[in-house]
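The values are calculated or read from the model by the stated rules, or taken from the named source; none is laboratory data. Model, not experiment: these values are computed from the prediction. Reconstructed Cβ throughout: ideal geometry from the backbone, glycine too, with neighbour counts over all protein chains shown. Quick note on the areas: whole protein, heavy atoms, side chains included, nothing else; ligands and nucleic acids left out. Shrake-Rupley method; radii C 1.70, N 1.55, O 1.52, S 1.80 Å.
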Amino acid sequence: NIIHAFGSLVGAGSGARMSIVLGKRDIRWAESILGNSMILTIFFGILFVSGYYFFSDAILNLFGASTETIAYAKEYMDIVVPGMFLTTVTFNLCNLIRSSGYAQKSMWIMLSGSIINIALDTLFICVLDMGISGAAWATTISMAISSILSLSHFVSKKSFIRFRRHAWQPKFRIFRNILAIGVSPFTMNVAGSGVVAMLNNQLLRYGGGNAVAASG
């Protein structure tokens, strides 16, 4: 939920801003939004991933890990968290793909990640018996594929909005406009994370690790 919150913070804001400037037929400014949204995505991705590794035990305990489950949680999260940066990339770029007129393509990129995740879960867990690490690698690989597909759209010459050199020039005005719109879905997702944390801790208190697992 927290990763989705950061994805929404940048993705929802940049998608809305791109729709506005494309309505004005300002392609150059739309490309600046594309580049600046990626700068924000990279910044928040580094912040989130480094924050997790510095405070992993505290974070997992906050979200309801117990002495019986924290080892499994760490095994899973240590693999998945770096890949979660790719999730924010996909969330952001799929919003921009949709805003630039390719709604079906955006849908298929998101859907392909889910389908690949399910297929790899079956392979890694049921066939190769990799356990919790198999689930983590399935998630990370599917995230990587989705992010590559979304990035390729803005590299392709078929797209009228692409990554160009001028797009990577930081502009405070664009940062401000993206964050001003994206703060609402960001806050909703963070609040959802808070609810999960409180629920898990109460389940752990009254029902133990099995209750937390059953809820999950």
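For the chain, the solvent-accessible area works out to 53 Å² per residue, with a probe of 1.4 Å and every protein chain left in place. For the range 1-157, relative contact order (Cα pairs under 8 Å, six or more residues apart, normalised by length) works out to 29 percent.
Sorting Lys105, Lys74 on solvent-accessible area from highest to lowest, probe radius 1.4 Å, gives Lys105, Lys74.
Relative to the longest principal axis of the Cα atoms of the chain, the long axis of helix 103-121 lies at roughly 30 degrees. In terms of overall dimensions, the range 1-98 has a Cα radius of gyration and Dmax of 16.6, 57 angstrom.
For Leu199 and Ser50, calculate 0.36 nm times their separation in residues minus their Cα-Cα distance, and state this gained length in nm to one decimal.
Separation in residues times 0.36 nm, less the Cα-Cα distance, equals 51.0 nm.
Where Lys and Arg each count +1 and Asp and Glu each count -1, what net charge lies around Ser133 among other residues with Cβ under 13 Å from its Cβ? After counting each charged neighbour, the total is -3. Using a probe radius of 1.4 angstrom, the carbon and sulfur fraction of the accessible surface of the range 1-157 is 71%.
Peptide packing: for 44-53, 10-19, the average count of neighbouring Cβ atoms within 10 Å per residue gives the ranking 10-19, 44-53, highest mean first. Between Ser100 and any residue 5 or more places off or on another chain, the built amide H atoms are never under 5 Å apart. The average projected area of the range 87-213, computed from the convex hull of its Cα atoms over all directions, is 10.8 nm². The residues neighbouring Ile27, those whose beta-carbon lies less than 13 Å from its own, together hold a net charge of +3 under the Lys/Arg +1, Asp/Glu -1 convention. Rounded to the nearest 10 square angstrom, Asp78 shows an accessible area of 60 square angstrom against a 1.4 Å probe.
Exposure check, 1.4 Å probe, all protein chains in place: Glu75 carries approximately 80 Å² of accessible surface. Across His153, His166, His4, the residue with the most accessible area heads the list, and the full order at a 1.4 Å probe is His4, His166, His153. Of the labelled figures [x] 0.97; [y] 1.02; [z] 1.07, only one reflects Rg/Rh (Cα atoms, Kirkwood Rh) as derived from the coordinates, namely [y]. Estimated at the nearest 10 Å², the accessible area of Leu22 is 40 Å² with a 1.4 Å probe. Evaluated with a Cβ-only charge set (Lys, Arg +1; Asp, Glu -1), the chain carries a dipole of roughly 1500 debye about its Cα centre, given to the nearest 20.
Across the protein chains, with a 1.4 Å probe defining accessible surface, the residues Leu34, Leu128 rank Leu128, Leu34 from largest area downward.
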